[in-house]
Amino acid sequence: MKRTTIGFFFLIYLSACINKKNDVPVVAFIDAFQDNTIAMAKQGFFDALSEKGFDEKKGTISVIYRNAQGDIPTLTQITKYMISQNPTLIATSPTLSTITAIQNTKTIPVFMMVSSTPKLMKLNDAKGNEPVNLFGTGENIDYIDTSFDLIPSLILPKNGKIKVGMIFNQSEPQSVSAMEGIKKRVDINKMELVALPVNSSAEVQLVTQSLLSNDIDVFFANPDNTIFASFESIVKLCDQSNVPVMTSEAGLVARGALAAYGADIYQWGYQTGLQAAEYLKTGKLDNISWDLVKERKRVYNSEKAGKYKIKIPDTYKAMP
């Protein structure tokens, strides 16, 4: 066992030396959990790098990839390991990866995607200054309000007011902020909200069943890592109770939500990849700063529209 361990670390050391000797940039990519929707960002990120001449298959970059599979201690260990490899840059997806990376390094450039703004992630210092090594693409919660406001145009109430059910992760700043914003939209749109907290994916099924027992008209899927990880289970339970799912994430429509107005996850990663490529090309960060998502769209799931007999306006695009 000792020989195996020594050999393993020797190979890592040798690989690092080769990369430095050949001046091949090292890109460390950290995923917080496994998810089909979030994976689109990673694809977009590396597609952008490839189009700009940075492709692992061509030997123009070296990639270190790790996925924490939803385990926070593992995410921390992965992040520290990545930092120990002294990569040229760190790419993070989603919010939890970005927070963990920024908490552990102030020098290595971090290029985020599928993440909130620094302020929403509570990464700004006491004076309100943003982390100097944070770049890439973030998102505020304004678009979530727009997504939520789509509900009255598509969903009919059973008893007067539209009753919306949602769950939120108490430990995720973006999830809590979104929920607080939605409370205001409920009043404006004269709807009723039933919101229940969760702490892990293991609780999602029971909490969703509890929401459905409240005779809700629609389930609103909050932008939340717990939602992403458990989405198929949520959709299955809602479909069984004849409750459509609305969301602010376009990628979740392909996985069973009725409709959404939100960011194109692939383009989100692509946008960050263009920034990272610029840094790899010039070695400079002077003209780079984190930016808001640029690609948002209204999309719908034709199968779900048929199931719930809902006519979707022409301003929406059908997901494949």
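Strictly over 20 Å apart at the Cα level, which of Lys294/Lys317; Lys161/Lys183; Lys184/Lys236; Lys183/Lys297; Lys236/Lys307; Lys158/Lys190 would you flag in this model?
Lys184/Lys236; Lys183/Lys297
If we restrict to alpha carbons, what Rg and Dmax does segment 41-156 come to, in Å?
Just the Cα atoms of segment 41-156 yield Rg and Dmax of 16.7, 55 Å.
Lys and Arg at +1, Asp and Glu at -1: add these up for the other residues within a Cβ distance under 13 Å of Pro157 and post the number.
Net of charged neighbours comes to +1.
What is the set of long-range amide H partners of Thr60 at a cut-off below 5 Å, with H atoms built 1.01 Å from backbone N?
Here Asp55 satisfy the definition.
Can you compute the helix-only [θ] at 222 nm over the chain? Use -39500 (n - 2.57) per DSSP H run of at least 4 residues, normalise by all residues, nearest 500 deg cm²/dmol.
My calculation for the chain gives -13500 deg cm²/dmol from helical runs alone.
Could you list the square roots of 5 times each eigenvalue of the Cα gyration tensor of segment 158-228, that is, the equivalent ellipsoid semi-axes, sorted largest first and rounded to whole Å?
20, 15, 7
Rg (Å, one decimal) plus Dmax (Å, integer) for the alpha carbons of segment 164-320?
Radius of gyration, then largest Cα-Cα span, for segment 164-320: 17.5, 57 Å.
Tell me, what are the semi-axes, in whole angstrom and largest first, of the equivalent ellipsoid of the chain as set by the roots of 5 times the Cα gyration tensor eigenvalues?
Output for the chain: semi-axes of 38, 20, 18 Å.
Which three numbers, in whole Å and largest first, are the semi-axes of the equivalent ellipsoid of segment 92-189 derived from its Cα gyration tensor as √(5λ)?
So the three semi-axes of segment 92-189 are 33, 12, 11 Å.
Which whole-Hz ³J(HN,Hα) couplings does segment 118-126 yield from phi under the Karplus relation 6.51 cos²θ - 1.76 cosθ + 1.60, θ = phi - 60°, glycine and proline marked x?
x, 5, 5, 7, 6, 9, 6, 7, 4
Could you give me the radius of gyration and the Dmax of segment 272-320, taking only the C-alpha atoms into account and expressing both in angstrom?
Both quantities, over Cα of segment 272-320: 19.0, 54 Å.
With both bridge residues required to lie in the chain, what share of the DSSP beta bridges run antiparallel, to the nearest 5%?
15 percent
Every number in this text was worked out from the coordinates using simple rules, so none of it is lab data. Remember, it's a predicted structure, so these values are computed and weren't measured experimentally. When we count neighbours, we look across all protein chains shown, and the Cβ atoms used for this are built from the backbone with ideal geometry, even at glycine.
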